[in-house]
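Heads up, the thing below is written out as structure tokens.
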Amino acid sequence: MPRVQFEGRIEVVRTRADMVRALRFLRRQHVVGIDTETRPSFSADKVYQVALLQVSTLDVCFLFRLNYLGLPEELLDFLSSDDCLKVGLSLRDDIRSLCGRASFSMGSYMELQQEAARYGLMDRSLLKLYANLFHQRISKRQQLSNWEAKELTDAQKVYAATDAWACLKIYRCFENFKKYHNYKTISPVDETRLQEHVVQDMLAASLPHG
């Protein structure tokens with residue numbers, strides 16, 4: 001399968017001024033895709049707080065660097081608002097991680113894994129769900145990178161933006177199903193082949209460059 005990634009504008013938000021400007025734009029949206037990233041821990045006694053919140057439209061994705069911002073009241077107000085629908089996968093885990101920084105009640109949101117179940121889709125991870133719906137592959141190469149790094153690499157930015165954007169794409173696909181009933185049960189993507197691609201991505205990310 002061909003690899004797909006977010007091709008829109010990516011805005012890194014790490015100051016209050018950047019946050020205010022981003023939220024002014026996001027409050028005008030009816031629906032956005034969201035996701036989070038946390039620095040991986042390779043020790044059982046070390047747990048990191050969520051470091052990144054991604055909020056995406058089809059054209060622009062904002063990367064809120066929570067390890068610099070924390071969760072200010074303005075950002076909590078957006079997450080708690082019912083005015084903009086937030087769509088994502090495994091949202092319970094994301095919300096739990098965010099509440100580790102500041103407690104809040106999630107506003108209007110949609111768990112895409114529950115929606116997938118309504119259409120008989122058994123593979124409900126982002127990777128497999130996107131592959132089954134669009135026959136394109138999302139790279140997971142940056143998944144275990146350091147999300148608390150002083151500066152995110154371009155590869156990290158694209159990876160993070162792609163995950164949130166892909167959630168919005170899946171949502172729009174499901175909305176199309178509802179509106180036109182133009183779907184049918186098909187054979188799922190070959191899981192063995194898909195897993196081989198994931199392993200290849202992880203190995204490539206661990207090899208030294210240069």
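Structural remarks
- Which listed residue is exposed (fewer than 15 other Cβ atoms within 10 Å of the Cβ), out of contact with any helix residue (DSSP H, G or I) (no Cβ under 8 Å at 6 or more places or on another chain) and over 18 Å from Asp154 (Cα atoms), from Glu73, Glu7: Glu73
- Contact annotation: residue pairs with Cβ atoms under 8 Å, 6 or more positions apart or on different chains, pairing a residue in region 164-181 that is in contact (Cβ under 8 Å) with a residue 40 or more places away in the chain and under 11 Å from Ala116 (Cβ atoms) with a partner that is among the hydroxyl-bearing types (Ser, Thr, Tyr) and not in a helix (DSSP H, G or I), are Phe174/Tyr119; Phe177/Tyr119; Phe177/Tyr183.
- Condition check for Arg96: of a type in the set (Lys, Arg), over 20 Å from Val31 (Cβ atoms), over 12 Å from the mean Cα position of the chain (by Cα) and surrounded by 14 or more Cβ atoms within 10 Å (Cβ to Cβ): no
- Consider region 102-126 and keep the residues that are touching a helix residue (DSSP H, G or I) at 6+ places or on another chain (Cβ under 7 Å) and in a helix (DSSP H, G or I). The one that is nearest to Val50 (Cα to Cα) is Leu126.
- Considering residues of region 11-50 that are of a type in the set (Gly, Ala, Ser) and more than 22 Å from Met110 (Cα to Cα) only, the residue modelled with the highest pLDDT: Ala17
- Count of region 144-161 residues which are surrounded by fewer than 16 Cβ atoms within 10 Å (Cβ to Cβ) and of a type outside the set (Asp, Glu): 6
- Of all residues in region 21-33, those satisfying the criterion of being in contact (Cβ under 8 Å) with a residue 40 or more places away in the chain and surrounded by fewer than 23 Cβ atoms within 10 Å (Cβ to Cβ) are Ala22, Leu23, Leu26, Arg27, Gln29, His30, Val31.
- Matching residues, region 159-203, being over 19 Å from the mean Cα position of the chain (by Cα), β-branched (Val, Ile, Thr) and either within 21 Å of Arg141 (Cα to Cα) or at pLDDT 70 or above (or both): Val189, Thr192, Val199
- Any chance Phe78 is within 17 Å of Asn146 (Cα to Cα) and modelled with pLDDT of 95 or more: no
The values are calculated or read from the model by the stated rules, or taken from the named source; none is laboratory data. Values in this document were obtained by computation on a predicted structure and should not be read as measured data. We place every Cβ from the backbone using ideal geometry, glycine too, and count neighbours over all the protein chains shown.
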